[in-house]
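Participant: My questions will all concern the structure given below.
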Amino acid sequence: MRIAQVAPLHESVPPKYYGGTERVVSYLTEELCRLGHDVTLFASGDSVTAARLLPACRWSLRLDKNCVDPLAPHLLMVEHVCQRAREFDVVHFHVDYLHFPISRAKRFRHVTTLHGRLDIRDIFPLHREFSEVPVVSISDAQREPLPWANWQATVYHGLPADLYPFRPEPGAYLAFLGRISPEKRVDRAIEVAKRLGLPLKIAAKVDPVDQDYFHVTVAPLLRDPLIEFIGEIGEGQKADFLGNAYALLFPIDWPEPFGLVVIEAMACGTPVIAYRHGSVPEIIEDGDTGFIVADIEGMIEAARRIPELSRKRCRDVFEARFTSAHMAASYLRVYERLLGGRPTAKRRVSSRGSANQQE
């Protein structure tokens, strides 16, 4: 199958540091290539992939100090994708609704995975106008605000099965991984650690929009000797950070569309304690791969019960539900449905990128 993947340009594919959407696009793209499909990736020029890379800009925009208007390169990329759309059996967009008007006008086979929160009233009229656009949700909870959308499937994120090694023995610290922002509630994680008397390691980025929140609200909480703020970490550091943790704290205060860090922890065998918001009940099996709580007291009690859980069970559930192979298989079913169920040829591509025989 000839497939185009269209990624956001804020981060490279895969990201050098933090970046959920671009990381998922990378895992999906590489798995589709491994399966023998002919994949073209539209992304920033510093991306690394086995697919055919068509760069839309030289560098990922977050690392490009000269980028003033990030919307401009995105719109230019969408135009270039649409100009070449007939070269592909299906175009898979990951850039939210930016392409909706032009993809409606051009009339080619496409699907869009919506990666963000959808409970924002400003976007309701837009999605009503483009209600025929085929879209995919990353959890059932994510799609609830837009029941009229043309939902094709819910496809959970997946990681390569060998990305994170299983760690059978728990560590001695709690972990928080992600972003420092009001909705992620690192302050709750800090309170839990202090009341339990357990160390908490925080590996998180601080976006420019959250700098004031960090300095005013979070920074004073980091002075406790139990709390270690590491900052943003890259992919190569995650296995040790998550695998050596006692548990991952996920004390969110917003309708989380998925929560990639949850399955990253599970892949290592590390259980997760999370607030019941958004996708959490779909991803965590309460009392099995972690605990789902309603308040600080529930999180503290759950932390005390972590020894009841099997780290091997966390890993087994990850392998059964959340690998990139499962994710790719689900998307291929979506693509085939868009193509009317007709079989398509898979073109094997050598490591040098030349096309070999079809199957």
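The values are calculated or read from the model by the stated rules, or taken from the named source; none is laboratory data. The model shown is predicted, which means the values in this text are computed figures rather than measured ones. Note that we place each Cβ from the backbone using ideal geometry, even for glycine, and neighbour counts take in every protein chain shown.
Participant: Is it fair to say G36 is in contact with a Lys or Arg (Cβ under 7 Å, 6 or more places away or on another chain) and within 14 Å of P15 (Cα to Cα)?
Facilitator: The answer is no for G36.
Participant: Within segment 46-70, can you find the residues that are in contact (Cβ under 8 Å) with a residue 24 or more places away in the chain and not in a loop (DSSP other than H, G, I, E, B)?
Facilitator: Selection gives R52, L54, A56, C57, L61, R62, L63.
Participant: Right, something else. Take D89 and decide whether it is without any contact (Cβ under 8 Å) to a residue 12 or more places away in the chain and acidic (D, E).
Facilitator: no
Participant: Among the residues of segment 201-230 satisfying the criterion of being outside any helix (DSSP H, G or I) and among the hydrophobic types (A, V, I, L, M, F, W, C), which is farthest from L260 (Cα to Cα)?
Facilitator: L226
Participant: Let me ask another. Across segment 79-111, which residue is nearest to F130 (Cα to Cα) among those that are out of contact with any Ser or Thr (no Cβ under 6 Å at 6 or more places or on another chain) and part of a strand (DSSP E or B)?
Facilitator: V111
Participant: Given the residues V192, V155, V261, V218, which is the only one that is surrounded by 16 or more Cβ atoms within 10 Å (Cβ to Cβ), β-branched (V, I, T), touching a residue at least 24 places away in the same chain (Cβ under 8 Å) and assigned by TED's automatic domain parsing to the domain that holds V111?
Facilitator: Only one candidate qualifies: V155.
Participant: Still on this model: Do the conditions hold for I233, that is, is it touching a helix residue (DSSP H, G or I) at 6+ places or on another chain (Cβ under 7 Å) and either in a loop (DSSP other than H, G, I, E, B) or of a type outside the set (G, A, S) (or both)?
Facilitator: yes
Participant: Suppose the filter is at pLDDT below 95, surrounded by fewer than 20 Cβ atoms within 10 Å (Cβ to Cβ) and in contact with a strand residue (DSSP E or B) (Cβ under 7 Å, 6 or more places away or on another chain); does C67 pass it?
Facilitator: Against the criterion (at pLDDT below 95, surrounded by fewer than 20 Cβ atoms within 10 Å (Cβ to Cβ) and in contact with a strand residue (DSSP E or B) (Cβ under 7 Å, 6 or more places away or on another chain)), C67 does not qualify.
Participant: Quick check on segment 232-249. Is at least one of its residues surrounded by fewer than 22 Cβ atoms within 10 Å (Cβ to Cβ), among the small types (G, A, S) and in contact with a strand residue (DSSP E or B) (Cβ under 8 Å, 6 or more places away or on another chain)?
Facilitator: Looking through segment 232-249, none of the residues is surrounded by fewer than 22 Cβ atoms within 10 Å (Cβ to Cβ), among the small types (G, A, S) and in contact with a strand residue (DSSP E or B) (Cβ under 8 Å, 6 or more places away or on another chain).
Participant: So which strands (runs of 3 or more DSSP E) are wholly in segment 260-359 and hold at least 3 residues that are modelled with pLDDT under 95?
Facilitator: Ranges flagged: 347-349, 355-358.
Participant: Could you check, for segment 223-240, whether at least one of its residues is closer than 20 Å to A302 by Cβ and under 19 Å from the mean Cα position of the chain (by Cα)?
Facilitator: No, segment 223-240 contains no residue that is closer than 20 Å to A302 by Cβ and under 19 Å from the mean Cα position of the chain (by Cα).
Participant: Can you pull out the residues in segment 298-309 that are under 18 Å from F166 (Cα atoms) and surrounded by 15 or more Cβ atoms within 10 Å (Cβ to Cβ)?
Facilitator: Within segment 298-309, I306, L309 qualify.
Participant: Which of the residues that make up segment 103-115 are within 26 Å of F258 (Cα to Cα) and loosely packed, with under 14 Cβ neighbours inside 10 Å?
Facilitator: none
Participant: Same structure again: Looking at segment 84-102, which of the residues that are in contact with a strand residue (DSSP E or B) (Cβ under 8 Å, 6 or more places away or on another chain) and among the aliphatic types (A, V, I, L, M) is surrounded by the fewest Cβ atoms within 10 Å (Cβ to Cβ)?
Facilitator: If we take residues in segment 84-102 being in contact with a strand residue (DSSP E or B) (Cβ under 8 Å, 6 or more places away or on another chain) and among the aliphatic types (A, V, I, L, M), then A85 is surrounded by the fewest Cβ atoms within 10 Å (Cβ to Cβ).
Participant: Where the second residue is part of a strand (DSSP E or B) and of a type outside the set (G, A, S) and the first is under 14 Å from H277 (Cβ atoms) and in contact (Cβ under 8 Å) with a residue 60 or more places away in the chain and lies in segment 139-152, which pairs have Cβ atoms under 9 Å and are six or more apart or on separate chains?
Facilitator: These pairs meet every condition: S139/T154; D140/T154; Q142/T154.
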